[in-house]
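> Sharing a structure here in structure tokens format.
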Amino acid sequence: MLNEMTMRQNNWTLGAYCAAYCTAVTQHHGLEDNSIFPHLRRADAGLAPVLDRLEEEHVVIHEVVESVDRALVNLIRQPGDFTELQEAVDVLTDTLLSHLSYEERVIVEPLARYGFYAGQV
């Protein structure tokens, strides 16, 4: 019984960690979509294609985050089988690394030039 309780606690901890991480990603993208990107669009209309791509990638990443959530729910149904969750986390990792690499490459210079909000720079 203690072993089952320990496994359950580990699954809860895993779920809480994933929830916190996915919440941080969602908050980061929400801040960009609602504040930073509109500011950059106003500051430099030429950034529109870059910002459009980043916003489109945010939608894709949200779908990937949803797949992690589904995998966590399925882990409850099939305790001990981490295959689906591992695959979902691997996709999230690859997607985020690609997105963040592109974002850093294309947005750091405009942020340095225009700031994160009007009047910052």
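> Inside segment 36-56, can you point out the residues that are over 14 Å from residue 107 (Cα atoms) and in contact (Cβ under 8 Å) with a residue 24 or more places away in the chain? It would help to see each step written out before you state the result.
As a first pass, look at segment 36-56 and keep what is over 14 Å from residue 107 (Cα atoms): 42, 56.
Matches in segment 36-56: 42 only.
> How many residues does segment 94-112 contain that are over 14 Å from residue 53 (Cβ atoms) and without any contact (Cβ under 8 Å) to a residue 40 or more places away in the chain?
From segment 94-112, those over 14 Å from residue 53 (Cβ atoms) are 94, 96-97, 108-109, 111-112; that's our starting set.
Filter again for without any contact (Cβ under 8 Å) to a residue 40 or more places away in the chain, leaving 94, 97, 108-109, 112.
So the answer is 5.
> Could you list, in sequence order, all residues of segment 72-84 that are touching a residue at least 24 places away in the same chain (Cβ under 8 Å) and out of contact with any Asp or Glu (no Cβ under 8 Å at 6 or more places or on another chain)?
Filtering segment 72-84 down to residues touching a residue at least 24 places away in the same chain (Cβ under 8 Å) leaves 72, 75-76, 79-80.
If the condition is that a residue be touching a residue at least 24 places away in the same chain (Cβ under 8 Å) and out of contact with any Asp or Glu (no Cβ under 8 Å at 6 or more places or on another chain), then 72, 76, 79, 80 are the ones that fit.
> Moving on to the next point. Can you find even one residue in segment 32-43 that is under 19 Å from the mean Cα position of the chain (by Cα) and open to solvent by 80 Å² or more (accessible area, probe 1.4 Å)? Reasoning before the result, please.
The initial filter retains those residues of segment 32-43 that are under 19 Å from the mean Cα position of the chain (by Cα), namely 32-37.
Pick out the ones that are also open to solvent by 80 Å² or more (accessible area, probe 1.4 Å) and you get 34.
Within segment 32-43 (the criterion being under 19 Å from the mean Cα position of the chain (by Cα) and open to solvent by 80 Å² or more (accessible area, probe 1.4 Å)), the answer is yes, since at least one residue qualifies.
> Working only within segment 94-115, note down all residues that are within 19 Å of residue 44 (Cα to Cα) and surrounded by fewer than 14 Cβ atoms within 10 Å (Cβ to Cβ). Before you say what the answer is, go through the steps one by one.
Pass one, segment 94-115, residues within 19 Å of residue 44 (Cα to Cα): 102-115.
Within segment 94-115, 104, 105, 108, 109, 112, 113 qualify.
> I would also like to ask the following. Among the candidates 47, 40, which residue alone is in a helix (DSSP H, G or I), touching a Phe, Trp or Tyr at 6+ places or on another chain (Cβ under 7 Å), hydrophobic (A, V, I, L, M, F, W, C) and at negative phi? If you could, list the steps in order and put the result at the bottom.
Numbers: 47 fails: touching a Phe, Trp or Tyr at 6+ places or on another chain (Cβ under 7 Å).
Result of the check over 47, 40: 40.
> Confirm whether residue 91 is among the hydrophobic types (A, V, I, L, M, F, W, C) and free of Cβ contacts under 8 Å to residues at least 12 places away in the same chain.
Working: among the hydrophobic types (A, V, I, L, M, F, W, C): yes; free of Cβ contacts under 8 Å to residues at least 12 places away in the same chain: no.
No.
> Let me ask another. Of the conditions (1) at pLDDT below 90; (2) open to solvent by 30 Å² or more (accessible area, probe 1.4 Å); (3) under 11 Å from the mean Cα position of the chain (by Cα), residue 5 satisfies every one except a single condition; which number is it?
(3)
> Also, I was wondering about something else. Given the conditions (1) loosely packed, with under 14 Cβ neighbours inside 10 Å; (2) acidic (Asp, Glu); (3) assigned to a helix (DSSP H, G or I), and given that residue 81 satisfies all but one, which numbered condition is not satisfied?
The failed condition is (3).
> Looking at (1) closer than 30 Å to residue 10 by Cα; (2) open to solvent by less than 80 Å² (accessible area, probe 1.4 Å), which one does residue 76 not meet, given that it meets all the others?
(2)
The values are calculated or read from the model by the stated rules, or taken from the named source; none is laboratory data. Here the structure is a predicted model, which is why all the values come from computation and not from measurement. Glycine gets a Cβ as well: all are built from the backbone with ideal geometry, and neighbour counts include every protein chain shown. Side chains included, ligands, DNA and RNA excluded: accessible areas come from the protein's heavy atoms. Shrake-Rupley method; radii C 1.70, N 1.55, O 1.52, S 1.80 Å.
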